[in-house]
Amino acid sequence: MKKVAFYTLGCKVNAYDSAYMQELFLKNGYTPVGFGAPADIVVINTCTVTATADKKSRAAIRRAAAAGSKVIVAGCMAQKQAKELLEMDGVCAVVGTDDRAKIADVAERLLQGQVCIDMVHDIAGCAYEDMHVGTTGDKTRAIVKIQEGCDNFCSYCIIPYVRGRSRSRRMSGILDEAKTLADTGAKEIVLTGIHIASYADNGHLLGDVVCALDEIAGIRIRLGSIEPGVLGEDFIRQVSSAQSICPHFHLSLQSGSASVLKRMNRKYSPEEYMNFVNLLRLYFNRPAITTDIIAGFPGETPYEHNETMKFVEQAGFSRIHVFPFSAREGTKACNIFPKVPKRVAKERASALIRLGDEYEMKYINAMIGRKAQVLFEDASDAFKGCLEGYSERYIRVAAHAKSNELKTVTIARVCDKIAFGS
Ligand code: SF4
């Protein structure tokens, strides 16, 4: 019996790509095993968004190779560094960010004795690779990929170079997949992509996708990261009419300083971003606004860092992810000077994390006495005998509930950022 193991790094898009490839292996007679268990084929689906991601990807490849499996390296790092990866011990094939449909055939060729298969090709002008996922596996939240690539070329980001230009999935394919997943027990659909705000299929935009999915009974819909510069009030008004949309919006900020945003080549100003946040608060009841911020971008002065700190206070984010700047070779930010010393970038990141924690606690505590609709998933460590899951506003909530149950509870108290509901 042929066995396959997967190890997936990076974002939800990569998780979706892995789920699709895993299903291809199942259809081809493979038995899935956990990473680390003996396997004929191991697929490492890599991420290259930061230097740390590269390091983790290489470490996973070494581990799989040391166990004697035939290793296929897929994903963003494979797209960027195919030749170097093929030279690593144990790496038998590379598959980039297109042609994932061929991965099971590649595995067969390896098992028949072929070596060094390079499936990576230039992705310029590629069409959307049509993928379909039929089950959520052991997860209760289903990721549905609706878009690939990005046209924005933010000065720090390698993604447009490794995933190509923006292209969208047919809306009919999205609806079919969401219906199948709902039929197999999914209670939440997370719409994901590299830049879902730019979704466009024959005149259908992101808001149209949300409204079409709203017709599927028994699921709620959560949006992946969106960009304020692309979407406006029409979009907010449209999605606010959907009954099943989660009032949780991840708006990637990166900096609250206009001059830093300009150097980053982001397509909005802090004012435009704040207007979007205010509109969300107008159309939705207490929406959760979460974000990502880069600390210590090249040239960032103490004044600009303080602008970001002030912006975080004004926006009242319910959660922020902060990353000290990490230069990616081949991006414009590598040539922006002066660099912020690593120590300073880390200090700024710590200050932002502390501030973010403060606002996160404020947001969670303000939920005490209010109702939350929670999708319960795992056993809670904080509240023994309870299950935990995410509320529609992306708060971690524990309560007595069943796994994969979508249940409304009232928040009674909070412990370590986890709310307890009954
Ligand atoms: S919007 Fe910017 S940061 Fe996001 S994927 Fe595109 S280029 Fe990268």
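The values are calculated or read from the model by the stated rules, or taken from the named source; none is laboratory data. Remember, predicted model here, so these are calculated numbers, not experimental data. Methodologically, a virtual Cβ is constructed for each residue, glycine included, from the backbone with ideal geometry; neighbour enumeration extends over all protein chains shown. Surface areas here come from the heavy atoms of the whole protein model, side chains and all, with no ligands, DNA or RNA. Shrake-Rupley method; radii C 1.70, N 1.55, O 1.52, S 1.80 Å.
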## Note on the structure
When the stretch 233-286 is checked residue by residue, the ones that are surrounded by fewer than 20 Cβ atoms within 10 Å (Cβ to Cβ), small (Gly, Ala, Ser), assigned to a loop (DSSP other than H, G, I, E, B) and more than 16 Å from the ligand (Cβ to nearest atom) are Ser241, Ala242, Ser244
### Message
Just to be sure I understand, how many residues within the stretch 368-393 are part of a strand (DSSP E or B), within 23 Å of the chain's Cα centre (by Cα) and surrounded by 15 or more Cβ atoms within 10 Å (Cβ to Cβ)?
### Response
9
### Query
farther than 27 Å from Ile320 by Cα and of a type in the set (Lys, Arg) - does that describe any residue in the stretch 204-224?
no
### Query
Just for the stretch 115-128: of the residues that are of a type outside the set (Val, Ile, Thr) and out of contact with any helix residue (DSSP H, G or I) (no Cβ under 8 Å at 6 or more places or on another chain), which one is most open to solvent (accessible area, probe 1.4 Å)?
Asp122
#### Entry: Options Gln81, Gln112; residue that is more than 19 Å from Ala197 (Cα to Cα), open to solvent by 50 Å² or more (accessible area, probe 1.4 Å), out of contact with any Asp or Glu (no Cβ under 6 Å at 6 or more places or on another chain) and more than 16 Å from the ligand (Cβ to nearest atom)
Gln112
### Query
Of the conditions (1) more than 28 Å from Tyr156 (Cα to Cα); (2) touching a residue at least 40 places away in the same chain (Cβ under 8 Å); (3) open to solvent by less than 10 Å² (accessible area, probe 1.4 Å), Val71 fails just one. Which one is it?
(2)
### Message
If I ask for residues that are more than 24 Å from Leu206 (Cβ to Cβ) and at pLDDT 95 or above, which ones from the stretch 123-155 would you list?
### Response
Ser155
### Message
Suppose we filter the stretch 158-174 for residues that are in a loop (DSSP other than H, G, I, E, B), more than 30 Å from Ala186 (Cα to Cα) and open to solvent by 30 Å² or more (accessible area, probe 1.4 Å); how many remain?
### Response
1
## Note on the structure
Quick count over the stretch 129-151, residues being part of a loop (DSSP other than H, G, I, E, B) and either open to solvent by less than 30 Å² (accessible area, probe 1.4 Å) or away from the ligand (no atom under 16 Å from the Cβ) (or both), is 15
